[in-house]
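Report on the structure given below.
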Amino acid sequence: MAFRSVFVILFAMIWAVAAKAATLDTPGQLERERTILQVLKQPDMRAALARVEALYAADPRAKTASGKATIKRAAHAIGVQSIHYALMEDTSRSDVIWTPHSRHKWHGMDVPNSGYGIENPDNIYQVATVVGGGKYRLHGRWPKPGPVQFHVEVRDSLPGLGQMAVEGFRQLATLQSEQMTIAEDGGFVIHIDSDPAGDRANHLAIPKEGVLQIGIRQLLTDWATQAPIALRMERVDAHPTPMPRNYTVLAARSAAILDQIAPYWLDYNNRYIYPRAANSIAPVRQRPGGRGLSSSGHYDLKANEALLIQVDPLGALSFGIQVTDPWGVAYDYDENTSSLNSRQAKIDAQGLISFVISAKDPGVANWLDAGGKSSGIVTLRWQGVPPAAPLDQAVRQVRIMDLAQLNPSLARVTRQARVQERQTRRKDYQVRLTH
């Protein structure tokens, strides 16, 4: 009996250490990434990637220098995501998986980018597969400091595999941190099933049939200090044995998915982004499930031009802006400052923020750096917006300017300060990977 007690204590200690050491680099995440690297080598997958490159090359965006230069990178990113999608169809596993993600190196792997659909560098996106009618519990413990917002939703389909929609899918149920019951020590449990909530706090209802995806967003505004929540999905009503991986079968299924989602997101951009005139921003819109506001547009600038965008953060929990390549794939999060949020940007005396987009460094603060690319997509997001915020005041001005004639009131940044800015960004990004 004493031996059993010691064993239980040792097991609990090992689990606690493992839980502390692994936030994003969970065993399930690492097994998933090793599988992806193997599937990418398969002939079916290589052929599918070549088809996507050809599809993009035939699109009007490929006629621009920026579009042509980023075809292969964008095609391979959505290709990696298609393998994630194929793996999400495995109902024998309910691991919480980080994706889409920027490229990263860890545990002896060089993991490629899986970005698509204008993913937000301030968010840690995660997914888990559940079966309709099943019973699950999502366990988490909020670190200090942790995300400023945590959002969980049930999706009717994987983004790009369902009907065309402005969010890429239809939201069936949603829960975010402002609505959750969280213990004093930061612990929480979200119940996910088809039963009525009853007196259970933190409940997400799922349909009684089908294979469903739970989408998760952890919003980080201070990259230097905020760590992600360690999450664990538990299936309560069954304990299926994980199915073995078959790389050939996975490659064939991933290729079929890629042949569907690549045209979807190309059509998405051509339907929602590019019909507007270049160098303009669409009216601000409300996002479903209390996710705040967003707006977007695309830019196409000459070598001597800059696009000035002035915004009001509206007292939101977070405001963020980013530029992506012309295909909607975010640039590597830890390199150039292709995104900035209201904690990272310089705010003027009136509480407004002026951002500058240009291929060349204009020597001012709040420069959105696309690595020398002169065209692409720009997206703005306000999250946690006060109810009385004046939406018509969110975007104050959008105008093209000559680089030599930028407003002298804009804060200047020296070349040395810009180098330091990039070094700091690279260091700060590592926090989410190592905590």
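Each value in this text was obtained by applying a stated rule to the coordinates, not by laboratory testing. If you're wondering where the values come from, they're calculated on a predicted model, not measured in any experiment. Virtual Cβ from ideal backbone geometry, glycine too; neighbours counted across all protein chains shown.
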Give the relative contact order (percent, whole number) for the stretch 277-434; include only Cα pairs under 8 Å separated by 6+ residues.
33
Reciprocal mean inverse distance between Cα atoms of the stretch 308-349 - Kirkwood radius, Å:
11.7
Pop out the ³J(HN,Hα) list for the stretch 219-229 in order, Karplus 6.51 cos²θ - 1.76 cosθ + 1.60 with θ = phi - 60°, rounded to Hz; leave Gly and Pro as x.
8, 10, 9, 10, 4, 6, 10, 7, 9, x, 7
Tally Lys and Arg at +1 and Asp and Glu at -1 over the other residues with C-beta under 14 Å from the C-beta of A262: what net charge comes out?
0
Any idea which of T129, Y264, A330 is furthest toward the positive side of the dipole for the chain, if Lys and Arg beta-carbons carry +1 and Asp and Glu beta-carbons -1?
A330
If the label point is 7 Å along Cα→Cβ of A224, which residues in the stretch 298-322 have backbone nitrogen under 20 Å from it?
318-321
Rounded if a/c is under 1.5, else prolate if a/b is larger than b/c, else oblate: which is the stretch 286-370, with a ≥ b ≥ c the root eigenvalues of its Cα gyration tensor?
oblate
Which one of V311, I357, H151 has its Cα pushed farthest toward the positive end of the charge dipole of the chain, where Lys and Arg give +1 and Asp and Glu give -1 at the Cβ?
I357
Treating only the Cβ atoms of Lys and Arg (+1) and Asp and Glu (-1) as charged, compute the dipole magnitude of the chain about its Cα centre; round to the nearest 20 debye.
740
Using θ = phi - 60° and Karplus 6.51 cos²θ - 1.76 cosθ + 1.60, couplings along the stretch 29-44 (whole Hz; Gly, Pro as x):
5, 5, 5, 4, 5, 5, 5, 4, 4, 6, 5, 4, 7, 6, x, 4
For the chain, shape from the Cα gyration tensor axes a ≥ b ≥ c, cut at a/c of 1.5 then a/b versus b/c, turns out prolate
For the chain, what does the relative contact order come out to in percent, with C-alpha contacts under 8 Å and a separation of six or more?
18
Straight-distance crosslink candidates among aspartates and glutamates, where the alpha carbon sits under 13 Å from K68 and sequence neighbours closer than 8 are dropped:
E53, D59, D325
Residue pairs, from the table K302/K346; K105/K373; K63/K302, whose Cα atoms sit over 19 Å apart:
K302/K346; K105/K373
Tally Lys and Arg at +1 and Asp and Glu at -1 over the other residues with C-beta under 13 Å from the C-beta of P283: what net charge comes out?
+1
Once a ≥ b ≥ c are taken as the square roots of the eigenvalues of the Cα gyration tensor of the stretch 277-434, is the result rounded (a/c under 1.5), prolate (a/b larger than b/c) or oblate (a/b not larger than b/c)?
rounded
Taking just the alpha carbons, could you work out the radius of gyration and Dmax for the stretch 367-435, both in angstroms?
16.7, 44
Convex hull volume of the Cα atoms in the stretch 120-242, per residue, in Å³?
127
